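The values are calculated or read from the model by the stated rules, or taken from the named source; none is laboratory data. All values derive from a computational prediction rather than experimental measurement. As a convention, Cβ positions derive from the backbone with ideal geometry for all residues, glycine included, and neighbour counts pool all protein chains shown. Surface areas here come from the heavy atoms of the whole protein model, side chains and all, with no ligands, DNA or RNA. Shrake-Rupley method; radii C 1.70, N 1.55, O 1.52, S 1.80 Å.
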Amino acid sequence: MFQIEIYPFSFFLGFVSATIFWLLVTRARPLWHEMRANLKEQREAAESRKTNTVEENHRRITLRRAQGMHLAAQLFALDEILQEPMVISPMQNVEPGITPKFEDVISQTLPYLPAWPEIAAVYQPQTLTLPQALAGNANIVIIGQPGVGKSVSLAHLASLAANRSEKLEALKSHIPFLFHVADLRLPIADPKDALNPLIEAASEHAPMFDLGKLPDFFKNTFKNGNALLLVDGFDEIPPESQQVISEYFKIIIQNYPQTRIITTGAPEYLDGLIQIGFAPLALCVWSKPQNEKFMEQWGQLWSQTVAMEAWSQTGPQQVDPLLLNVWLSADNSHLTPLELTLKAWGAYAGDSLGPHVLEVIATHIRRIAPANTPLAALETLGMQVMVNSQPVFDPRKARAWVKSFEAAEEKSEGESPEQPVEETAREDTKPKKGKKIEKVVATPTSGLLGKMAASGILISHPNNKMRFVHSIFAGYLAGHALTYYNAEESILNQPDWSGKYLAMRYFAAYGDASKLVQSLLEFSRLPMHRPLFAAARWLRDAPKNAPWRGKLFGALAAILQTEGIPLSLRGQAMAAFAVSNDPSAATLFRQFSTSLSFELVQLAVLGVGAMRDSKSTRVLENVLEAPSLSVRRAACMALVAIGTNESLEIVAQTLLTGDEDIRRAAGEALANDSGEGYDMLREGISINDILLRRAVVYGLGRVHHPWALEALQTLQVEDEQWVVRNAATEVLDAKANVNTLAPSKLRTPSDTPWLIEFAGKNGTGISPGVPATDILLLALKGEDPETRMAALPFLKLTPNEGVIAQLYNAMYKDDPELREAAYNTIWEIGLSGVKLPHPSQYGLG
């Protein structure tokens, strides 16, 4: 056996050393944890710095792009000339047991007309700013006719988000991703790669050192729910392309449900968007005060910048902006922001071909087209874009469309082509027979198309894509070119899309559109009458002696006089008459104002006000004695819209001596007049008349100026009468809660309390993931008004034949509120691409 010998000193020394070692290790353990945490924090900070750098670069680039997304970008930044975009407050969903939201008298009296915002610009119903519209949690499609400012609206939102504006409130930390549909390579092969098209599009503008970091930046932003996706151009493309974009949005929503998506659309067709939860919001055109403010801003900016340029100093002497603005304000009835911008530009630059809207468009096309380019080349390109339904086109194919003009371009600059673009497009032409439109594919060159892109009339996109800088210019050129060809039928037979109707609109301004009008009238039918109202848009610009105008007016008058159909449908006919600016329309409205039908009188009265027909003042004064409150309210609104001393005096007298209801209508109507109307409201605050002060309170609630808010707050606290104090409280609460008017996502039926309760009362339940269509139809057919109204938003998501039949039944009931809400639901179903049968199929209409 081995004997182990222990040395006491060594053992003691080892024991002490080990004890000290483990003591140090134990004491140092928190330090090790802290060191590891610090190292981890440093790594995360480094990653964050990389991400922040990419994010800040992205925000800066997005802001720069957004500030250039408007017609006059070569002159001014967007924020310098911007008139804040507003959308019409949507019809509010009803929920049983919940107090309805505040609605002013103007909104109660004016039919909901999202396709005709020109009427809203006159009467100013409840509206929302874009940040307010985003206060809900719904994805939004901003709808409007070409030229009303949809792209500018997206650019404005992108600018706010890029700057982390406080106006966006809950979305101020969101990161904007701004694209045009032409930037995106779609469709995608694998839904897992949903972000790849966005990353590829962003790579076109990102700094070189950020390219490798973009994928992680996009994935983290979308995964964390901080993405604000803004996609322009959905309104410009045909239905087939819209379906591709809609499917892509659907994939984004499924993969990243917290993403907020805002896009643009036409008020007639939104293929696929309604079913995936998008809420359509109609963009307002500018009101008269906004037009005046824009002209003032334009004049100041022009004087401070453009007029100081050397080239401007050597030209003709500049006219005083005050004089120019007086001239420009003379005839701006129902112009879009695009048209007003072009009108102002031509007046200040001194290069306008004339005051007519067609001439200002022709002027700008001449202004941005390449020098010495034949007008026929531009027209041919525009026509081929529309005939082939390719608003976003491949330049390799487009080269073949204009190849016959390349030779003219190759001539020396000293030679002039036969028809230079400087010639006005407004000339009398007749269709020429026997010419065909070729569809040829050729290899691309940098010739004529390259010059057009360099001059700014075309825009280049990645992946061999090009488009006109604005669809109106393509439509204008196409419409004028079509007068030389027998191509109307090829356009007419296309599926509905904005380019089709733009081309026909400008064709009607220059050629004989009798055949087109006849065909559209034959196609037009209940419940939408979409072809008729599309053709009605042509009336404003077409010659007053066009042979087809009488037929169109006759069809509109028939709808306007039809009893038992929704006011929102009849109101579109009224709007079409008013926007036409035809003198005979005012005469017709005056005639209808003496009708025995209160609904017809209401619409006629709103029509004369929208046309600002001063000859109708005495007629409107008599209408104030009508037994219908809606008619009397409409008369107050129309008298203020006319805006003469005589008409305003009548409303002032109504405010002083009318009954309680009409006084409130008078007070709210006066809020639409920023001159005498505001003065009357200021004076009314101090008059010793309870009903008058109460009416003034509701009027002040519609004035969006600090002085009105201060007056309301004073009345809320200091007025002696509780009736006035309560009214002030109601109005101030409505102002404070305006965000509640924003659209929100629908709950699923299985999470909707009122529907669960209703199903329980009827002895059934609602399973998760099931549409619950049967129980919703039962609610619609029931007797409770709130339940019927509450069912409508859910039913638009399942538009089968049984649902449409019951919606038609609701639309023809005697309940006016249900009738209008049902029609709005049917309108949204029609927008989504569903073909709606004629009501006669169900024994209605």
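Below are the figures for this structure:
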item: Loop GluC sites (Glu not before Pro), region 647-734, which have at most 16 other Cβ atoms in a 10 Å radius of their Cβ (DSSP); result: 720
item: From the coordinates shown, Cα Rg over 2.2 N^0.38 Å corresponds to which of (1) 1.01; (2) 1.23; (3) 1.10; result: (3)
item: Mean separation of Cα contacts under 8 Å, 6 or more apart, over the residue count of the chain: relative contact order %; result: 13
item: Degrees separating the helix 357-368 axis from the principal Cα axis of the chain, which is the longest one; result: 40
item: Residue (of 695, 732, 712) at the positive-pole extreme of region 683-749, dipole from beta-carbon charges; result: 732
item: Inter-centroid distance (Cα atoms) of region 250-293 relative to region 747-768, Å; result: 30
item: Neighbourhood charge, 9 Å Cβ-Cβ cut-off, centred on residue 264 and excluding it, Lys, Arg +1 and Asp, Glu -1; result: -2
item: Listed residues 354, 108, 523: farthest to the positive end of the dipole of the chain (Cβ charges); result: 523
item: Dipole in debye (nearest 20) - the chain, about Cα centre, beta carbon charges: Lys, Arg +1; Asp, Glu -1; result: 1940
item: Heavy-atom surface of the chain, accessible at 1.4 Å and reported per residue (Å²); result: 45
item: Carbon plus sulfur fraction of accessible area for the chain, probe 1.4 Å, in percent; result: 53
item: Dipole of region 223-296, positive end: most advanced residue of 225, 279, 265 [Cβ charges, Cα centre]; result: 225
item: Residue 137 versus residue 835: modelled label distance in nm, points set 7 Å from Cα along the beta carbon direction; result: 3.8
item: Euclidean distance of C-alpha centroids, region 86-133 and region 687-740, integer Å; result: 20
item: Region 551-605-region 469-548 distance, computed between alpha-carbon centres (Å); result: 22
item: Ellipsoid equivalent to region 709-845 - semi-axes via the Cα gyration tensor, in Å; result: 37, 19, 15
item: Cleavage-rule hits, trypsin sites (Lys or Arg not before Pro), region 724-792, DSSP coil, Cβ neighbours within 10 Å at most 14; result: 745, 747, 781
item: Nearest 10 degrees, 0 to 90: helix 785-795 Cα axis against the chain principal axis; result: 70
item: Rounded to the nearest 20 debye, dipole of region 624-697 from Cβ charges on Lys, Arg, Asp, Glu; result: 240
item: Only Lys, Arg (+1) and Asp, Glu (-1) charged, at Cβ; region 581-646 dipole about Cα centre in debye; result: 40
item: Relative packing of peptides 374-386, 240-252 - highest average C-beta neighbours within 10 Å first; result: 374-386, 240-252
item: GluC sites (Glu not before Pro) within region 752-795: DSSP coil, no more than 15 neighbouring Cβ in 10 Å; result: 783
item: Mean Cβ neighbour count within 10 Å, used as a protection proxy, ranking 266-278, 212-224 highest first; result: 266-278, 212-224
item: Antiparallel content of DSSP bridges confined to the chain, in %, to 5; result: 40
item: Extension gain from residue 296 to residue 53, taking 0.36 nm per residue of separation minus the Cα-Cα distance; result: 83.5 nm
item: Degrees, to the nearest 10: 801-811 long Cα axis against longest axis of the chain; result: 50
